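Scroll down for the structure; my scribbles are underneath it.
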Amino acid sequence: MSTEHVLDDRRDDHPQRPPHRTRARVRAMANKVPEVTVWFWVIKVLTTGMGETASDYLARLLGPVPAVALGGLALAAALVVQLSARRYVAWIYWTAIVMVSVFGTMAADVLHVGLGVPYTVSTPAFLLALGIVFALWYAVERTLSIHSVHTRRREAFYWAAVLATFALGTAAGDLTATAGFGYLGSVVLFGVAICVPALAHRGGMLGAVAAFWTAYVVTRPLGASIADWMALPAARGGLGLGLGPVTLSWTAAILALVGYLAVSRADVTPRPGSVTR
């Protein structure tokens, strides 16, 4: 459903409402996700790595159960704030993404470490879950485009898909890391993999929506593999920088970039009829 259709429906339901006020409300709901720019992909990779090391650090510091409970509460609070916003706000959106990253990592780790589910089982299970979310989203809304996330229902589907991609990416990254590739090998593997949808889209072999979601999934194991390689000791194939320092440094980078976007608004979708300079 287009913005114009929503506008027409609201006019019919509330004929006394001035048209300019109706348009303002529709546009306020139109921008709930950022424009896909280079900043989007850089911050996305940073959040995935930070979520990986932060999850492991909290699990060691607090214990697995308290860490999962704290992560779940923080995710719920972040999503409530995000869903309550009338438009895209950089710090609100990326806080929610960070919490999805942390909790998505915890969910995948609990299945493997806590319940003993092998990555060869959890990876296809999360892939199936993501496929179900996409199927339901498309069946109800007839689109999977992030440029049309302007209703509460579409936003709910969007965040369900985001959570599934993080859990899938975590399991897939751990699967390759423990299957002989190692963390550095996984960085190379997923670094090459993320180029595939971009090249396929440029070559006209893959649509924009499919290319976006494919790359979105791959950013999770890519960022997590980089962070693990930096944090873990040399005995496990890493640089040995430590979970705490890597988490803090990646968090600082995220804050700096999100702060830049909040000020510059470089990732905000222009409103219909607006003039850009």
Residue among 223, 240 that is in contact with a Pro (Cβ under 6 Å, 6 or more places away or on another chain) and closer than 23 Å to residue 59 by Cα
240
From the list 180, 191, 173, 169, which one is closer than 26 Å to residue 116 by Cβ and open to solvent by 20 Å² or more (accessible area, probe 1.4 Å)?
180
Go through the residues of segment 58-71 one by one and say whether even a single one is under 22 Å from residue 148 (Cβ atoms) and part of a loop (DSSP other than H, G, I, E, B).
no
Restricting segment 43-70 to residues that are under 11 Å from residue 219 (Cβ atoms) and open to solvent by 10 Å² or more (accessible area, probe 1.4 Å), the one nearest to the chain's Cα centre (by Cα) turns out to be 45
Check segment 118-126 and report whether any residue there is without any contact (Cβ under 8 Å) to a residue 12 or more places away in the chain and in a loop (DSSP other than H, G, I, E, B).
yes
Quick one: residue 237 ticks every box in (1) small (Gly, Ala, Ser); (2) farther than 29 Å from residue 134 by Cβ; (3) open to solvent by 20 Å² or more (accessible area, probe 1.4 Å); (4) at pLDDT 90 or above bar one, so which box is it?
(4)
Taking residue 149, is it in contact with a Lys or Arg (Cβ under 6 Å, 6 or more places away or on another chain), surrounded by 15 or more Cβ atoms within 10 Å (Cβ to Cβ) and at pLDDT below 90?
yes
Out of everything in segment 73-91 that is surrounded by 17 or more Cβ atoms within 10 Å (Cβ to Cβ) and not hydrophobic (A, V, I, L, M, F, W, C), what residue ends up being modelled with the highest pLDDT?
82
For segment 66-88, check the following and say yes or no: at least one residue is out of contact with any helix residue (DSSP H, G or I) (no Cβ under 6 Å at 6 or more places or on another chain), under 20 Å from residue 37 (Cβ atoms) and in contact (Cβ under 8 Å) with a residue 40 or more places away in the chain.
yes
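The values are calculated or read from the model by the stated rules, or taken from the named source; none is laboratory data. Since this is a predicted model, take the numbers as computed values, not measurements. Ideal geometry is used to build each Cβ from the backbone, glycine not excepted, and the neighbour counts take in all protein chains shown. For accessibility, only protein heavy atoms count, side chains too; no ligands or nucleic acids. Shrake-Rupley method; radii C 1.70, N 1.55, O 1.52, S 1.80 Å.
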